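Colleague: Below are the structure tokens for one structure; questions will follow.
The values are calculated or read from the model by the stated rules, or taken from the named source; none is laboratory data. As the structure is a computational prediction, the values presented were derived from the model and not from experiment. Here the Cβ positions follow ideal geometry from the backbone for every residue, glycine too, while neighbour counts run over all protein chains shown. For the accessible areas, the whole protein counts, side chains as well, though only heavy atoms, and no ligand, DNA or RNA atoms are used. Shrake-Rupley method; radii C 1.70, N 1.55, O 1.52, S 1.80 Å.
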Amino acid sequence: FATGSVEHNLVVGGSANERFQNGRASTPVTVPQNYFRPVDASVAAPDVFTLSPNTIRDRGLYAFDRVEAGPLQVLAGVRYSSYRSRTTSAVGAVTRFRFEKWSPSVGIVLKPSEKTSIYTTYLQGLEE
């Protein structure tokens with residue numbers, strides 16, 4: 001759509017991811033070591049493995065608009081993220097993590113010619 005001589009390209013959407021992993025875990029072994037004179041450590045191979053389930057749920061909603069006026073484009077938007085994870089350790093301890101956030105994004109593209117683009121962007125996101 002256009003507002004006067006300015007073209008808009010609006011994108012609105014959502015995303016959902018769910019991941020599950022039931023990794024194997026074993027009892028950790030601590031071996032003293034010298035950083036300056038390391039020696040080989042003989043550690044027996046683990047003979048008992050336990051399961052360590054991990055579930056991650058990631059949901060998001062977003063809206064972005066690309067505004068174009070001549071050789072200049074401005075991209076601006078926001079994303080709402082809801083991130084949750086649940087992990088059970090080999091000894092049965094449960095760890096939960098939950099985070100919700102609105103994250104901004106903005107970018108500028110200058111096209112001085114058909115084959116050349118100069119751009120800069122700023123984006124925030126989530127990471128566990």
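Colleague: Given the conditions (1) in contact with a Leu (Cβ under 9 Å, 6 or more places away or on another chain); (2) open to solvent by less than 70 Å² (accessible area, probe 1.4 Å); (3) at pLDDT below 95; (4) not acidic (Asp, Glu), which single one is not true for Pro71?
Modeller: (2)
Colleague: Moving to a separate point now. If the requirement is being more than 30 Å from Thr120 (Cβ to Cβ), open to solvent by less than 90 Å² (accessible area, probe 1.4 Å), among the β-branched types (Val, Ile, Thr) and not in a strand (DSSP E or B), which of these qualifies: Val39, Val31?
Modeller: Values: Val39 fails: open to solvent by less than 90 Å² (accessible area, probe 1.4 Å).
One residue alone meets the criteria, Val31.
Colleague: I'd like to verify a number: residues in the stretch 99-127 that are of a type in the set (A, V, I, L, M) and either free of Cβ contacts under 8 Å to residues at least 24 places away in the same chain or over 29 Å from Val6 (Cβ atoms) (or both), how many?
Modeller: Step one: of the stretch 99-127, the residues of a type in the set (A, V, I, L, M) are 106, 108-110, 118, 123, 126.
Next cut, either free of Cβ contacts under 8 Å to residues at least 24 places away in the same chain or over 29 Å from Val6 (Cβ atoms) (or both) only: 118, 123, 126.
Total satisfying the criteria: 3.
Colleague: Right, here's the next one. Quick test of your reading of the structure: Val12 fulfils all but one of (1) closer than 21 Å to Ser103 by Cβ; (2) of a type in the set (Val, Ile, Thr); (3) surrounded by 11 or more Cβ atoms within 10 Å (Cβ to Cβ). Name the failing condition by number.
Modeller: Val12 satisfies every listed condition except (3).
Colleague: List the number of the failed condition for Thr50; all other conditions in (1) in contact (Cβ under 8 Å) with a residue 40 or more places away in the chain; (2) of a type in the set (Val, Ile, Thr); (3) open to solvent by 60 Å² or more (accessible area, probe 1.4 Å) hold.
Modeller: Evaluating Thr50 over (1) in contact (Cβ under 8 Å) with a residue 40 or more places away in the chain; (2) of a type in the set (Val, Ile, Thr); (3) open to solvent by 60 Å² or more (accessible area, probe 1.4 Å) leaves (3) as the failure.
Colleague: With the requirement that a residue be in contact with a strand residue (DSSP E or B) (Cβ under 6 Å, 6 or more places away or on another chain) and open to solvent by 80 Å² or more (accessible area, probe 1.4 Å), what does the stretch 109-119 give you?
Modeller: Just the residues of the stretch 109-119 that are in contact with a strand residue (DSSP E or B) (Cβ under 6 Å, 6 or more places away or on another chain), to begin with: 109-111, 117-119.
Scanning the stretch 109-119 gives Ile118, Tyr119.
Colleague: Then there's this: Could you tell me which of the residues Arg66, Arg96 is touching a residue at least 12 places away in the same chain (Cβ under 8 Å), of a type in the set (Lys, Arg) and surrounded by 12 or more Cβ atoms within 10 Å (Cβ to Cβ)?
Modeller: Result of the check over Arg66, Arg96: Arg66.
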